[in-house]
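Enquirer: What follows is a single structure, and I will ask about it in a moment.
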Amino acid sequence: MDPLTIFGAVASAVQFVEFAGKLVYGTCVIYKSAKSGEETHSDVETITKSLHQLSQELTKSLTSHKTTNGQFSERKRAIQQLCQSCQGTATELIKVLEKLNSPDKPNYWSSFRKALAAVWKESEIEELQKRLDSFRQQISLHILVSVRYGFHLAAFLLQKLSLTAQGSKTSLQLRCS
């Protein structure tokens, strides 16, 4: 037999063993979690639901504050678009995770099917998590820039106010003299 053919057969066997190992391990985890009443992806689901809720609250707070400054409105629009995309991705991930939750009545066959689905959906879950993290980072960055802009605007207005107050004080002193 050709050495490359042997190598290919061995590589395929190793991949199969790895896949089977993930499947058996996943079946055991799902079966045990179903017996104990726990969910297998509860941490990811909790974080995703929290991020979904926070982005909804941020969207509501942005729409409730009307501004006349076009630059800030542009930032608000960008944050709102990021929040909407974040909510869509979070909803998508929550649906995938809910499908993978433990069966109501634990048995090995249903646990095996859920484990198989989890192995197949693993890359999709990871991709959705990466997208959510990217949205979270972008939203945080936009909020940071908006806060910085607000501080600069407040400092400018405060400086202008103090100069106006000093000018009024000087003119008042001249009138009294």
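The values are calculated or read from the model by the stated rules, or taken from the named source; none is laboratory data. What you see is a predicted model, and the numbers here were worked out from it, not measured in a lab. With ideal geometry, Cβ positions are generated from the backbone for all residues, glycine too; neighbour counts draw on all protein chains shown. Surface areas here come from the heavy atoms of the whole protein model, side chains and all, with no ligands, DNA or RNA. Shrake-Rupley method; radii C 1.70, N 1.55, O 1.52, S 1.80 Å.
Enquirer: With the structure loaded, tell me whether W109 is of a type in the set (F, W, Y), surrounded by fewer than 12 Cβ atoms within 10 Å (Cβ to Cβ) and either modelled with pLDDT under 75 or touching a Phe, Trp or Tyr at 6+ places or on another chain (Cβ under 9 Å) (or both) or whether it fails that test.
Expert: So W109 passes the test.
Enquirer: Among the residues of the stretch 142-158, what is the count of those that are open to solvent by 90 Å² or more (accessible area, probe 1.4 Å) and among the aliphatic types (A, V, I, L, M)?
Expert: 3
Enquirer: For the stretch 126-140, how many residues meet the condition of being out of contact with any Leu (no Cβ under 8 Å at 6 or more places or on another chain) and either closer than 12 Å to V96 by Cβ or among the acidic types (D, E) (or both)?
Expert: Number satisfying all stated conditions: 3.
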